[in-house]
1. Could you go through segment 338-346 and let me know if any residue there is of a type in the set (Val, Ile, Thr), in contact (Cβ under 8 Å) with a residue 24 or more places away in the chain and not assigned by TED's automatic domain parsing to the domain that holds Glu291.
2. Looking at segment 77-95, which of the residues that are over 30 Å from the mean Cα position of the chain (by Cα) and surrounded by 16 or more Cβ atoms within 10 Å (Cβ to Cβ) is farthest from Leu64 (Cα to Cα)?
3. For segment 234-276, which residues satisfy the criterion of being within 12 Å of ligand 1 (Cβ to nearest atom) and surrounded by fewer than 18 Cβ atoms within 10 Å (Cβ to Cβ)?
4. Of all residues in segment 196-224, how many are at negative phi and near ligand 1 (Cβ under 6 Å from one of its atoms)?
5. Look through segment 199-258, keep the residues that are among the charged types (D, E, K, R), in a strand (DSSP E or B) and more than 10 Å from ligand 2 (Cβ to nearest atom), and return whichever of them is farthest from Ile311 (Cα to Cα).
6. Can you name every residue in segment 319-356 that is assigned to a loop (DSSP other than H, G, I, E, B) and at pLDDT 95 or above?
7. If Ala263 passes every condition in (1) within 11 Å of ligand 2 (Cβ to nearest atom); (2) over 24 Å from Leu358 (Cα atoms) but one, which one does it miss?
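The values are calculated or read from the model by the stated rules, or taken from the named source; none is laboratory data. Everything quoted here is computed from the prediction, not taken from an experiment. Backbone-built Cβ (ideal geometry, glycine too); neighbour counts: all protein chains shown.
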Amino acid sequence: MAERAVLACIAGPSGSWAVEDDLAELTELGRSAGADPVAAVLQRHGRYDPATLFSSGKVEEIGLAAAAADADMVLCNRDLSPRQQERLEDALGRNVIDRTRLILDIFATRARSREGRIQVELAQWLYLLPRLGGLGRELSRTGGGVGVGRRGPGETKLQSDRRRVRARISTLQADLAEVAASRQVRRRGRRRGGLPLIALVGYTNAGKSTLHRALCASDVLVADALFATLDPTTRLLDLPGNHQALMTDTVGFIHDLPHSLVAAFSATLEEVCDADLLLEVVDGSHARRHEQRSAVERVLGELGAANIPRILIWNKSDLTPVDAALSAAADRPTPRVGLPEVHLSSRTGAGLDELRALISLTLPDDRQEVRALLPHAAQSLLHVIRRDGEMLSIDYEPQGVHIVARCSPGLAARVQRAAAGPRAGSEPAPR
Ligand SMILES: Nc1nc2c(ncn2[C@@H]2O[C@H](COP(=O)(O)OP(=O)(O)OP(=O)(O)O)[C@@H](O)[C@H]2O)c(=O)[nH]1
Ligand SMILES: [Mg+2]
């Protein structure tokens, strides 16, 4: 049975996220973690108590709500310092889970690959390390004063706990470096394959995986939950003109992405930095789509991926009336102006052809136009050209097959070598 949770939301420093938006997101985060949100308490303004974050009146209110709803735990929309968390738990007599912890819990249920599992465990230990102090402080106090020889058992245990955790963190970091190295080998292999790489990016639940399925006929998980996707999946994407690319679906972003997660997930997030083209997927039907875009922009900036060529995709067009969809882009200054954009529905498929055409136009294309007279003995190349390139024209002549094709520089060179006659030549394809 799902654990019953009271949602405690406090307004942030004046920003565009209203406390109601935070509550909506906290509800989704709670559900995605497997909890059952049963009551909510909001603190819109007033005094922040540095000891407990919430004012003492609100702490009391949260306690009453938790008792009335028979809640197992309290979820908080902000991060708490170890001391704040400890004091709140004492006051409420229940587990208090802050935002980072909640996101970590979701990640832990989603990690499937070895790399994903290492990254999540690393982030969990990085989060827990500064929190080991709470118990230790209490125990060392019972152990007596400061001074060597009079140190309480708690402090000794705390020190050994910390040592063990640090050792585990080092082991995980070493494991991660190893996995990351093999990921890099794979990536280089892909590069040698010569196909451009496209990465889907966007706020969590925007519809990235649905779009991946629609474009690449992949079987990635789609769910109305936050962070349904954790491990990256790369598949082949067919584009007009027999052009192909690789497309990666990966973890979604959220505003104020916890730093311990960004640190632990750097290898996964590198997939994004390595892309030739980003598809930024926005849930065009979401009331906070612009704030979500700003959050995505911030993460892309932190990753150093803000300047990679990008197409802006207003997804879920089936949920937005046409007029609203058109004004979705215009009604607010967007973080990066001048991006090519498209309105589509990954669910119904409307607009997907337009997107494919736009990708073809935007992707760097190093294919060349090649004209050659292939001797009949080299006709097996025709199959290769059709498979890996684009045959523009083909004429059978007595002395061989005259072709005009567009293909990669490597294949063009192969065609030239096989070609006969003085008419063979190659020139770059017009864009
Ligand atoms: N109506 C509608 N729903 C959509 C569309 N695209 C995605 N959805 C729904 O939105 C929800 C999230 O879709 P996902 O594809 O899992 O989203 P995501 O961006 O991969 O999310 P995470 O992996 O959790 O970050 C699911 O319930 C989808 O069915 C769309 O074009 N129209
Ligand atoms: Mg997904």
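1. No, there is no match, as no residue in segment 338-346 is of a type in the set (Val, Ile, Thr), in contact (Cβ under 8 Å) with a residue 24 or more places away in the chain and not assigned by TED's automatic domain parsing to the domain that holds Glu291.
2. In this case the residue turns out to be Glu86.
3. Across segment 234-276, there are no qualifying residues.
4. Looking only at that region, the number is 8.
5. Arg235
6. Answer for segment 319-356, where residues must be assigned to a loop (DSSP other than H, G, I, E, B) and at pLDDT 95 or above: Leu344, Ser345, Ser346, Arg347, Thr348, Gly349, Ala350, Gly351.
7. Among (1) within 11 Å of ligand 2 (Cβ to nearest atom); (2) over 24 Å from Leu358 (Cα atoms), the lone unmet condition for Ala263 is (1).
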